[in-house]
Amino acid sequence: MKLNHKFRKTHGIMGIMAVLSCLPSKAQDLGILVHPDDGPAYISEEIPSIYIECGDAIDWMFQEENWYSNVEHPATFVFASLAGSDTLTNVGFRLRGNTSRAAPKKSFKISFNTFTEDQKWNGLSKMNLNGEHNDPSVLRSRLSWECLRDAGVPVSRTQHINLYINGSFYGVYANIEHIDGEWLDERFEHAHGNLWKCTYPASLNFISNNPDAYKFTPSWSNQRVYELKTNELADDYTALAEFIDALNNTSLDDLPCALERVFDVDAYLKVAAGEILLGHWDNYIGNRNNFYLYQRATDHRLMYIPYDMDNTMGIQWFGEWTSQDLYAWTTENDRPLYSRLLQIPHYRDRFSWYIQWWMDNYFTEDWIDQRGTWLVSLLEPHIDNDTYYPLSYSFSAQDFMESMNEPWGGHVAHSINGYAASRQFWADIQLDDGTSAFPLIQCWAEGPRTDDSIHVKCWIPENSDINSWDLDLELDVDGANSEHALGFVGMNDHGHEWGISIPLNNGSDVHWRVAYTNPAGEPYTSPCESQRIWNTGSSIPLLINEVMPVNTSFIADATGSYGDWVELLNHSNTPMNVGNYFITNRLMEPARWPLPDVTLDPGQHLLIWCDDATPIGPLHSSFTLNGSGDELYIMNLEDGAWRIIDDVNWSSAPEDASWGRSTDGAEDWMWFHENSGNSPTPNASNGLVSPIDPTSGISLEAWNAVNPCNRPCQIEFPMALDWRVLSSSGQMLQKGTGSECTLDLPTGSYHVLVRKEDASVARTIIIH
């Protein structure tokens with residue numbers, strides 16, 4: 001939908017400050033957070049040691065017939081540094097790599113959670129130990145990672161370690177951070193998007209409009225070419241297929257608009273320029289290999305992430321990479337992400353600009369020489385003792401010491417400093433003038449939220465002059481158009497953020513885009529075309545009434561397990577079927593878990609266990625909640641657009657406490673905890689144990705019941721009352737009227753509710 005009406009523009013400092021004050025408290029930037037610190041796992045200023053005890057397993061792994069096995073063997077792991085040592089038992093240990101498996105100095109993978117569920121070490125589930133057998137310096141991959149990291153590219157942390165197996169020294173290894181869900185958590189806000197590992201021959205050529213076509217596995221491999229590493233159960237390749245379709249099947253004139261809708265083009269141009277300068281030929285552009293695609297949860301766009309940097313900076317197996325043309329780095333035509341982008345003038349200009357930017361700031365001879373020389377001095381005494389180091393290519397300690405300034409020969413045609421100087425020399429000759437290139441602004445919207453507003457933010461790369469930008473939100477709400485000036489929010493490690501928050505006044509059809517004029521004086525929009533977002537103005541009375549994010553002992557399900565739970569409420573005067581609604585804690589996955597096809601009576605509650613235990617029964621969702629902070633939504637698909645029916649968020653949830661509305665359907669929320677006098681009330685009305693008028697004659701203290709009690713459990717009330725007994729899942733088990741009741745029920749947890757006129761009290765009873 002194009003916005004073509006006359007807009008009402010809102011400018012002025014006061015107006016901007018007012019809307020910025022309404023921005024959400026949680027940062028919703030493009031998703032890239034600051035790079036994590038080295039931490040204990042990636043100490044950069046020393047060479048720690050890793051000790052592996054795995055018995056006869058190491059001999060089995062070194063037998064030729066087992067080189068390509070991924071069988072994991074139980075082992076004990078010890079990490080020792082100047083700060084002390086850590087020990088983990090029952091970790092998984094195996095070989096890793098491709099061609100390196102046949103090398104005398106092999107590479108290894110450590111999996112902390114293979115044999116012990118959820119076991120981690122300093123937030124890591126896995127660790128990659130690379131032998132670097134091709135490289136006499138053993139430095140090139142680390143220098144490449146650190147160069148990319150310094151430039152703000154989300155990449156793996158790395159360090160060097162000494163590896164001991166069964167007490168024997170196996171040499172100096174590069175410890176490369178494994179890319180997985182934990183890696184994403186350290187670098188992205190809302191890090192639950194799809195992550196694909198892309199390996200040879202990942203050309204990104206179009207195959208089919210059927211997403212499943214991209215799940216193919218080559219004959220020589222046991223993994224898919226595009227292997228989904230997160231959200232594996234959903235196994236949804238739709239986003240990947242849409243990206244590849246747009247990349248290959250859109251005319252060059254229309255490609256920028258189509259591609260920027262689904263892919264972070266500017267971030268890719270930045271990484272591609274860096275990889276070419278670093279001589280990373282075993283990447284997408286060179287070998288259709290070794291990259292990840294991550295679908296950010298904030299804006300749903302894919303972004304390119306490089307990995308496996310061991311064949312860089314003068315490791316040359318297939319050609320002379322110092323002089324390879326920047327704009328024709330491969331002569332093959334089946335790399336459309338590189339070849340098609342460079343056919344578009346402003347993308348080529350932006351790529352050229354990034355080449356110069358890298359050479360001016362990060363890929364510099366001074367940085368490489370200083371960092372490399374320091375690492376040589378750090379590693380020298382350890383290389384001398386590495387008996388595996390010379391076995392592949394007869395490398396010597398002398399070769400290591402000279403690696404910064406002297407080529408080894410063969411596949412190492414350049415020293416590290418020699419490679420950097422030659423690559424810069426040829427890049428200067430080949431480089432187009434990119435001084436007029438303008439950065440690509442990326443904007444995304446959040447909402448409508450239940451506060452009936454839309455939050456829009458834009459990200460401008462850090463290497464741009466913000467004074468030249470004038471960003472305006474073009475908003476269409478039910479056909480009424482308006483225009484609003486975005487205000488500067490602040491800087492992060494990756495650029496400038498601009499934002500605005502606008503009330504929608506119960507609009508039901510909302511479209512948006514951001515318009516600006518780039519520094520070249522050309523009009524531009526992000527996204528190219530107006531985007532529809534979730535409908536707002538919901539009056540559907542299905543509410544989140546109460547949620548317990550950390551249930552350790554308060555209430556058990558039918559199996560005796562203590563899972564997280566949420567209580568929904570039909571806050572209306574008529575029955576409501578909830579079979580067309582969903583709950584999720586990920587807005588990127590609005591249909592994460594469908595509610596069962598049940599009808600709730602007016603005022604009836606529905607207790608759902610958020611325990612990722614769906615085989616148990618229909619009221620067990622496919623996900624768990626995060627006690628340290630999470631969000632929960634009720635979603636509905638209406639007229640092709642998702643609508644947020646209700647939502648709630650929390651942080652730092654106490655154990656066995658529920659976050660709930662003060663009374664059923666109330667606007668205000670509070671923590672309920674037994675020790676506070678206000679107990680959680682799963683499948684019962686909130687506020688039942690709130691202070692009650694003493695004249696009602698009802699008090700918890702007046703209940704004459706031992707708790708926990710033995711079967712049958714006798715309860716006496718101070719007077720004749722209406723009473724009900726509910727199971728932990730909310731099923732009505734017993735009811736009656738009188739001054740006592742007998743619970744002749746199996747062992748477990750139950751809810752006893754009593755009422756007198758409008759006053760009610762609830763209590764949890766445990767039967768032994």
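The values are calculated or read from the model by the stated rules, or taken from the named source; none is laboratory data. The structure presented is a predicted model; accordingly, all values stated were derived computationally and were not measured. Ideal geometry is used to build each Cβ from the backbone, glycine not excepted, and the neighbour counts take in all protein chains shown.
Elements of the type strands (runs of 3 or more DSSP E) sitting completely within the range 445-511 and holding at least 2 residues that are crowded, with 20+ Cβ neighbours inside 10 Å and modelled with pLDDT of 85 or more: these cover 453-461, 472-477, 495-503. Taken together, PRO594, PRO590 contain a single residue that is in contact with a Phe, Trp or Tyr (Cβ under 8 Å, 6 or more places away or on another chain) and farther than 22 Å from ASP557 by Cα, which is PRO590. Only one entry in PHE363, PHE351 is surrounded by 19 or more Cβ atoms within 10 Å (Cβ to Cβ) and either part of a loop (DSSP other than H, G, I, E, B) or in contact with a strand residue (DSSP E or B) (Cβ under 9 Å, 6 or more places away or on another chain) (or both), namely PHE363. Does ASN222 satisfy being more than 20 Å from SER526 (Cα to Cα) and at pLDDT 95 or above? Judged against the criteria, ASN222 is not a match.
Yes or no: LEU375 at pLDDT 95 or above and not acidic (Asp, Glu)?
Values: at pLDDT 95 or above: yes; not acidic (Asp, Glu): yes.
The answer is yes for LEU375.
Screening ASP432, ASP399, ASP369, ASP384 for residues that are under 30 Å from ASN205 (Cα atoms) and in contact (Cβ under 8 Å) with a residue 12 or more places away in the chain leaves exactly one candidate, ASP432.
Take SER415 and decide whether it is touching a His at 6+ places or on another chain (Cβ under 8 Å), modelled with pLDDT of 95 or more and not β-branched (Val, Ile, Thr). No; evaluated as a whole, the condition is false for this residue. When the range 646-657 is limited to residues that are assigned to a strand (DSSP E or B) and not acidic (Asp, Glu), the one that is nearest to ASN580 (Cα to Cα) turns out to be VAL648. If I filter the range 91-101 for residues that are crowded, with 20+ Cβ neighbours inside 10 Å and of a type in the set (Phe, Trp, Tyr), do I get at least one hit? Checked the range 91-101: at least one residue is crowded, with 20+ Cβ neighbours inside 10 Å and of a type in the set (Phe, Trp, Tyr). Among the residues of the range 278-288, is any of a type in the set (Lys, Arg) and more than 24 Å from ARG513 (Cα to Cα)? Yes, the range 278-288 contains at least one residue that is of a type in the set (Lys, Arg) and more than 24 Å from ARG513 (Cα to Cα). Being over 16 Å from TRP367 (Cα atoms) and not in a helix (DSSP H, G or I) is the filter here, so list the residues in the range 404-430 that pass it. Within the range 404-430, GLU406, PRO407, TRP408, GLY409, GLY410, HIS411, VAL412, ALA413, HIS414 meet the criteria. Specify the residue that is surrounded by the most Cβ atoms within 10 Å (Cβ to Cβ); the eligible residues are those in the range 512-525 that are part of a strand (DSSP E or B) and either polar (S, T, N, Q) or under 31 Å from the mean Cα position of the chain (by Cα) (or both). Once the filter is applied, the top-ranked residue is VAL514.
Looking at ASP360, is it more than 15 Å from MET313 (Cα to Cα) and out of contact with any helix residue (DSSP H, G or I) (no Cβ under 9 Å at 6 or more places or on another chain)? Spelling it out, ASP360 is indeed more than 15 Å from MET313 (Cα to Cα) and out of contact with any helix residue (DSSP H, G or I) (no Cβ under 9 Å at 6 or more places or on another chain).
Does any residue of the range 427-435 turn out to be modelled with pLDDT under 95, touching a strand residue (DSSP E or B) at 6+ places or on another chain (Cβ under 6 Å) and not acidic (Asp, Glu)? No, because not a single residue in the range 427-435 is modelled with pLDDT under 95, touching a strand residue (DSSP E or B) at 6+ places or on another chain (Cβ under 6 Å) and not acidic (Asp, Glu).
Per-residue answers, yes or no, for (1) modelled with pLDDT under 80; (2) surrounded by fewer than 16 Cβ atoms within 10 Å (Cβ to Cβ); (3) assigned to a loop (DSSP other than H, G, I, E, B):
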residue: TRP659; (1), (2), (3): no, no, no
residue: ALA666; (1), (2), (3): no, yes, yes
residue: PRO682; (1), (2), (3): no, no, yes
residue: THR695; (1), (2), (3): yes, yes, no
residue: ASN707; (1), (2), (3): yes, yes, yes
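Taking the conditions exactly as written (surrounded by 15 or more Cβ atoms within 10 Å (Cβ to Cβ), small (Gly, Ala, Ser), within 30 Å of THR331 (Cβ to Cβ) and at pLDDT 95 or above), does ALA202 satisfy them or not? Taking the combined requirement at face value, the residue satisfies it.
Name the residues in the range 147-185 that are of a type in the set (Asp, Glu) and crowded, with 19+ Cβ neighbours inside 10 Å, would you? The one that is of a type in the set (Asp, Glu) and crowded, with 19+ Cβ neighbours inside 10 Å: GLU177.
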